[in-house]
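Accompanying notes for the structure given below.
The values are calculated or read from the model by the stated rules, or taken from the named source; none is laboratory data. Everything quoted here is computed from the prediction, not taken from an experiment. Glycine gets a Cβ as well: all are built from the backbone with ideal geometry, and neighbour counts include every protein chain shown. Heads up: the accessible areas ignore ligands, DNA and RNA and are worked out on the full protein's heavy atoms, side chains in. Shrake-Rupley method; radii C 1.70, N 1.55, O 1.52, S 1.80 Å.
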Amino acid sequence: YSAVADAYAEADLALRDLGTVSPARVPAATGKVLRRLDAAIDTAGRPITRMERAVQTSSLRIPLTTIPVCRAIGPDWSLLLGDAAPGKTPAPEPGAEALPGAVDLTTPALLLPGRYRPPADIAALGAQTTMTGRARTYLYASVPVVETGVPFVGDCPSGGGESTQILGCFHDGRVYVLAITRPELAAIVPVVTAHEMLHAVHAAASPEARSEVDGLLSGLYATTTDARLQRIVAQYDARAPQHRLTELHSLVGTQVPVLSAELETYYADYFHDRSALLTAYDSYISLFEGLIARYDDLRAQLDGLAAEITALQGQAGAAAAQARSLATQIDGLRAQGRVAESNALVGAQNGAVDRSRALNGQANALIDRHNALVEEINELANQLGGLERSLRPLG
């Protein structure tokens, strides 16, 4: 590896010297430096490849597989367990230099963890989440995959039954992310990817480093007023309380905007711009929260309207009953020949009829409004149901 370091140091000096080169010659000179760097890395990689092959047949094979860093960085130590066959690293994809995350699509194989070259969609997720090189090393060492349907269900078993919503998991050392293509929800895919990558970081940390960050996270959670975080952690606690600390490690890094200076410094090792993750998460969660808030508001309006309609119908019924009672009295007086007395009641009887009609009219108007709200609520329920189904691997 010292040969690799020397190659980079030489390339760094050469690139600095480009400051004295005329602008017209910079592209050609830069290309020459990078080609020389690639050749040097290829040369340095040959003895490392020979060493890997020797280790695979030596007594060091099993001990090395127990060291997390040896499974994540540099040589193909991850292949030593025998769960994958050594092979040639895939060549960069045609046109890869123009794609998001191009540096990882074209980087020399020696610098890739376990010689894993990410496909374009995974490299793009690393770029979208502004993962640092350190973070992408953990991500790629977990051989991440974005999938849906039966494969995802098999790779990410749900401990909470069918009602538990799983968008990703870090399982048996690998990162799995649910493929979500619905445009208004797609922003959650990079957030989930970053969340699962942080699980890999937490799992690989030394006991001392893990204890230090766990203390910071526990302190933050003990004083937080973030209702979202409290709600999500409560859900995790109900399913698997033993995972609280690793879940906090991922949740805080990808969803919580205000952190202590120590935690901001810690997460800066993994994200160049953590706010990009927060924005993506907020756009996703705000969609649901907005629809749910509107649904709850409409339900409250419905309850209020139902009470008003009941009251108006009761008043209309009372007015109609009064009108009927007065009509009976009028008929009785007229039957007795007491016309003048009956006529004195006609105004009150007509007034009661008018009040009953007016109150029924008000009630009917509210019933129309009530029915319109019911239609809107049903549409919102359909929207929420459709969005929720889009977040399930089997629909």
Counting only residues that are open to solvent by 70 Å² or more (accessible area, probe 1.4 Å) and either within 30 Å of A179 (Cα to Cα) or without any contact (Cβ under 8 Å) to a residue 60 or more places away in the chain (or both), how many does region 339-395 have?
20
Looking only at residues in region 265-294 that are among the charged types (D, E, K, R), in contact (Cβ under 8 Å) with a residue 12 or more places away in the chain and part of a helix (DSSP H, G or I), which one is farthest from R231 (Cα to Cα)?
R274
Conditions (1) more than 20 Å from G114 (Cβ to Cβ); (2) open to solvent by 50 Å² or more (accessible area, probe 1.4 Å) -> A54 fails only (1)
Suppose we filter T20, T49 for residues that are polar (S, T, N, Q) and either within 23 Å of T106 (Cα to Cα) or open to solvent by less than 30 Å² (accessible area, probe 1.4 Å) (or both); which single one remains?
T49
Would you check which residues across region 283-307 are surrounded by 15 or more Cβ atoms within 10 Å (Cβ to Cβ) and either in contact with a Cys (Cβ under 8 Å, 6 or more places away or on another chain) or under 23 Å from S356 (Cβ atoms) (or both) and list them?
L305
For region 123-209, please list each of the helices (runs of 4 or more DSSP H) lying entirely inside it that holds at least 1 residues being surrounded by fewer than 17 Cβ atoms within 10 Å (Cβ to Cβ) and touching a helix residue (DSSP H, G or I) at 6+ places or on another chain (Cβ under 8 Å).
188-204
Among the residues of region 228-269, write down those that are in contact with a Gly (Cβ under 7 Å, 6 or more places away or on another chain) and at pLDDT 90 or above.
Y267
Hey, H243 in a helix (DSSP H, G or I) and open to solvent by 50 Å² or more (accessible area, probe 1.4 Å) or not
yes
